[in-house]
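The structure is given below, and queries will be raised subsequently.
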Amino acid sequence: MKFLQKHFRYNGLFTIMFLISVISIVSVSVIITWTTFRMSEEFFIDKFSITNGRVMTQVKDSIESYNYSVVLASNNILQSGTIRKNLTEEQSNEQQMRAFYEMYQQMKRVKSNVDAYETEIIITGINGMNYATNRPYWPIPDDELIQHTITKNTMDEPKKLMYHFDQRDYQIGDNHFIVASKALMERISGDIYGAMYFSIQESEFRKFYSSYTSEGNNVYILDNNGLIVSSNQTKMIGQKADELLSYALENEGNRSDYLIEKFMGTDQIIFMEYLPSLDMYLFNLIDRKTAIGDLINKKQIVLISMGIVVIALIIVFFISRRITNSLSHLVKQIADASKFDFDKYVSVTGTYETRRIGEAFNSMLDELHDYLEKLVLYQKQKRNAELAALQQQINPHFLYNTLTSIKFMVQQGSKDEAEEIINSLIALLQNTIGNVSETISVEQEINNLKNYVLINQKRYGDRIKVNYLIGPGCMEYHVPKLILQPFIENSFFHGFNHKSEGFINVLVWQENNTLICEVMDNGDGMEMSSTSELPKIKSKRQHFTGIGVKNVHERIQLIYGNQYGVTINSTKGEGTRVKITLPITNK
């Protein structure tokens, strides 16, 4: 028992690695086998969809050709003055006989457009006259036709050629009828003087696609209410197919080549096309099992996969044994490294992998020593930068000039303005000198800017407008103190030397985990070699602080890291845009 415990302790890594390898190889094998089945089926369906798409296009073209013939015939009827006269004028018996003869001559020419499709035409007029090219073909009584839903829908949209499905009980053989109808309407006045109907037996309409159907490969044509108006499955004609209609409506935005969905409890590969001229949907349903069938030999693939798994496990077993022996020795040396204060290097022996780990560990010890030295230096530089920033906050000349301006206002009797400047100066000094924190809230920084801007506008005039746009929720975030003031200062005193007036926009908003601050003006601008260039601006003016642009940039990077800082983009004559990126922090 002790031997087994000792053996397992020294071979625990090997046992774990081998078990993980077994689970991984078996899982991968199962996934690959399943993926192979799926990809094979999808590849076949994708290729099949290309061929079937051409078939759908041919069927659609055939139906569109029929519709075009109906359109030509309907236009001929609408353009015939003889037909319009015979359908609108009151006639005696003798005139009716002549009218029928004239109608016969006219309709003989019109019907030639649709003779190839076994289509018959009925026209009705407002004077009660009706004419049919073949009355028994679609045996609907005249009085019933007038009251029929087809006629009602036609009159509701008189300018549209509409297709309908006749669901009445009478039939010729097993045929239903598909009827195209349109109102007869004067083009100029818009007066309706009758209607025309083009009827075709469903069995004739079925010829447009019947040659492309087979067992397990069916075609359905649905109207916009989900009613099957034509199909090679004749028993389904006249029934509702809401499932198919829902697929069509859902696929209108996606426009995928095909869908694999259930219809009547069976998985089907569904191809669909919208027929705009008929306002109907063309569906081609192929039974998935029939289409794929014995596309691949699944049993053979499973056996091959199992053989590969067995071979892989044998190879993994021997490789794992070899790797773990050298790793165990290396781990023991690494575990003892801390006893020697990381000064003892491990021996580089064993397999290629363990040698590389040993070399990496020895390199890590060297880098650790260098990192500790750099960390000490970094902390020293950071504190020096903080001290320099605090020491250079207030320029005495700024205070002198501001107080002089206040004195002048008092002498001139502008006590209200003087009081306003004094209040702004007090608030500015409180937040700058009184607050020793390195960071302040965005709200405090903006208030400092407002006080600073007010003092300058009182001293130099308000020809430069300043706007503040702060994103919701950003006021409580913290930023380093006085990071915006130097850029406002530069815009005031260097950005409008040639322009008489302008504006400065201060924007603060959040992007993911980053706080963005921008100072943008429409002033003189300047030439820059790149957006990352931080220009040095020289001036004889005595400003509020001695903090420069470069100082702000270095200060941010020392506090938060090199991924943050200041970028400047400026165009001569158009203005300057300063962007400051900071991490989101509440302290």
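The values are calculated or read from the model by the stated rules, or taken from the named source; none is laboratory data. Values in this document were obtained by computation on a predicted structure and should not be read as measured data. We place every Cβ from the backbone using ideal geometry, glycine too, and count neighbours over all the protein chains shown. These accessible areas exclude ligands, DNA and RNA; they are computed on the full protein's heavy atoms, side chains included. Shrake-Rupley method; radii C 1.70, N 1.55, O 1.52, S 1.80 Å.
Inspect all residues belonging to the range 477-497 and state whether any of them is at pLDDT 85 or above, aromatic (F, W, Y), assigned to a helix (DSSP H, G or I) and in contact with a helix residue (DSSP H, G or I) (Cβ under 9 Å, 6 or more places away or on another chain).
Yes, that holds for at least one residue.
Still on this structure, I have one more. Which residue is most open to solvent (accessible area, probe 1.4 Å), if the candidates are limited to the range 84-119 and must be without any contact (Cβ under 8 Å) to a residue 60 or more places away in the chain and of a type in the set (A, V, I, L, M, F, W, C)?
M97
If you check L78 against the conditions, is it touching a residue at least 40 places away in the same chain (Cβ under 8 Å) and open to solvent by less than 40 Å² (accessible area, probe 1.4 Å)?
Yes, satisfied.
One line per residue, one yes/no per condition, for (1) open to solvent by 20 Å² or more (accessible area, probe 1.4 Å); (2) more than 23 Å from I192 (Cβ to Cβ); (3) assigned to a loop (DSSP other than H, G, I, E, B); (4) modelled with pLDDT of 85 or more:
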residue	(1), (2), (3), (4)
I123	no, no, no, yes
L145	no, no, no, yes
M155	yes, no, no, yes
K159	yes, no, yes, yes
V179	no, no, no, yes
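Does the range 443-486 hold any residues that are without any contact (Cβ under 8 Å) to a residue 60 or more places away in the chain, on the phi > 0 side of the Ramachandran plot and open to solvent by less than 40 Å² (accessible area, probe 1.4 Å), and which are they?
Passing the criteria: only G461.
Looking at (1) touching a helix residue (DSSP H, G or I) at 6+ places or on another chain (Cβ under 9 Å); (2) open to solvent by less than 10 Å² (accessible area, probe 1.4 Å); (3) within 19 Å of I556 (Cα to Cα); (4) not in a strand (DSSP E or B), can you tell me which one I440 breaks?
With (1) touching a helix residue (DSSP H, G or I) at 6+ places or on another chain (Cβ under 9 Å); (2) open to solvent by less than 10 Å² (accessible area, probe 1.4 Å); (3) within 19 Å of I556 (Cα to Cα); (4) not in a strand (DSSP E or B) applied to I440, the lone miss is (4).
Is it fair to say F544 is among the hydrophobic types (A, V, I, L, M, F, W, C), within 24 Å of N447 (Cα to Cα) and modelled with pLDDT of 85 or more?
No.
Another one. Hey, among the residues in the range 224-266 that are closer than 25 Å to H164 by Cα and of a type in the set (F, W, Y), which one's most open to solvent (accessible area, probe 1.4 Å)?
That would be Y247.
Considering only residues of the range 50-72 that are of a type in the set (V, I, T) and surrounded by fewer than 14 Cβ atoms within 10 Å (Cβ to Cβ), which is nearest to E120 (Cα to Cα)?
The qualifying residue nearest to E120 (Cα to Cα) is T57.
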